[in-house]
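Have a look at the structure below before the remarks.
The values are calculated or read from the model by the stated rules, or taken from the named source; none is laboratory data. Computed from a predicted model, the values in this text were never measured in an experiment. Because the Cβ atoms are built from the backbone with ideal geometry, glycine has one as well, and the counts that use them run over all protein chains shown.
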Amino acid sequence: MMRIINLVEIKSVLPKVDLMKEIEVGFVAYTRGDVVVPPVGELQFESPPGDVHIKYGYIKNDDVYVIKIASGFPRNSDRGIPNGNGMMLVFNQKTGEPMAILKDEAHLTDVRTAVAGAICAKYLSPKIVSNIGIVGTGLQAKMQLNYLKKIIDCNNVIVWGRSETSLLKYQSNMIDTDYKIITTTNINDVINNCQLIVTCTSSETPLINHVNPGTHITAMGSDTLTKQELVTSILMKADLVVADSKSQCEVRGEIYQALKSNDFSMDDVVELGEVLSGKTTGRTSDSQITIADLTGVAVQDIQISKAVLKYLL
């Protein structure tokens, strides 16, 4: 019998799950060719602006397949409702029978995105991080720090936001954490003082216009054709550019933007699963510049759905 599982139930089991391990396994399987992931389904709205992503797929010889629907409507906050929403639908891979609807209200998407950021930091950040830089003040800007604290031994954070109002709200929401947070509306404060930078905005105009040696950037806000957080010259300057999915990053995100130049090609890109499996070497020195372009892959949704359902079915 199919179960409908609400957000409260989902949140109750998440602390029991080793999400880093589960999602790392998923990325490796994806790169190995053991995961079937069709192109992302997408709806884009203009008035009000918003987008809906439909991501779906299955791991070969697994028990389930998963269809995830997640939306983002930036002006929802003006109405006092969350910007994101959605659900994950889990089916029996052998029979097609529906097994569960995870009414996660996009929470699992937010979590698996934050976990992916932590995985990138684990494998690509320099050994010594004096300051973490966060670009953006939304939900993901908070969740990234929540998961980075398990990976990076650094409590100093510089957060960039577009307005003092949004920065004050962010700082207030993070007051109970162990982080020492400095806020700024000058992006150069982040660029010039942070060795690990995470960009998590929906900007369609590049925010980061240069990068210093010894920096790792995880860019996760750009997941459509139009979004872009980094100037393309940064990817060309980098010693290592990592994609969560080479096929997806070829048609969306920071890599897609850089490919418009004849000075950058997919030969300059490795897939995250290659680094996790050891097939490709990640960072080899603290002076390197490394970039991770995360567009969000269905295998993350598959893995987090399965991990949660182990405790709920």
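A few remarks follow.
- Per the conditions (1) closer than 26 Å to residue 207 by Cα; (2) not assigned by TED's automatic domain parsing to the domain that holds residue 10, the sole criterion not satisfied by residue 71 is (2).
- Strands (runs of 3 or more DSSP E) wholly inside segment 132-228 that include at least 1 residues being over 20 Å from residue 283 (Cβ atoms) and either more than 16 Å from the chain's Cα centre (by Cα) or free of Cβ contacts under 8 Å to residues at least 24 places away in the same chain (or both): 156-160, 180-184
- Test: residue in segment 88-99 that is of a type outside the set (Asp, Glu), out of contact with any strand residue (DSSP E or B) (no Cβ under 6 Å at 6 or more places or on another chain) and part of a helix (DSSP H, G or I): no
Quick grid of which residues meet (1) of a type in the set (Val, Ile, Thr); (2) surrounded by fewer than 17 Cβ atoms within 10 Å (Cβ to Cβ); (3) not assigned by TED's automatic domain parsing to the domain that holds residue 28:
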| site | (1), (2), (3) |
| --- | --- |
| 45 | no, yes, no |
| 49 | no, yes, no |
| 52 | yes, yes, no |
| 56 | no, no, no |
| 81 | yes, yes, no |
| 85 | no, no, no |
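- Qualifying residue in segment 29-50 (condition: closer than 18 Å to residue 114 by Cα, touching a helix residue (DSSP H, G or I) at 6+ places or on another chain (Cβ under 8 Å) and not basic (Lys, Arg)): no
- Total residues in segment 15-49, condition at pLDDT 95 or above, of a type in the set (Gly, Ala, Ser) and part of a loop (DSSP other than H, G, I, E, B): 1
- Residue 305 among the small types (Gly, Ala, Ser), touching a residue at least 60 places away in the same chain (Cβ under 8 Å) and farther than 22 Å from residue 200 by Cβ: yes
- Flag if residue 110 is in a helix (DSSP H, G or I), closer than 23 Å to residue 276 by Cβ and of a type in the set (Asp, Glu): yes
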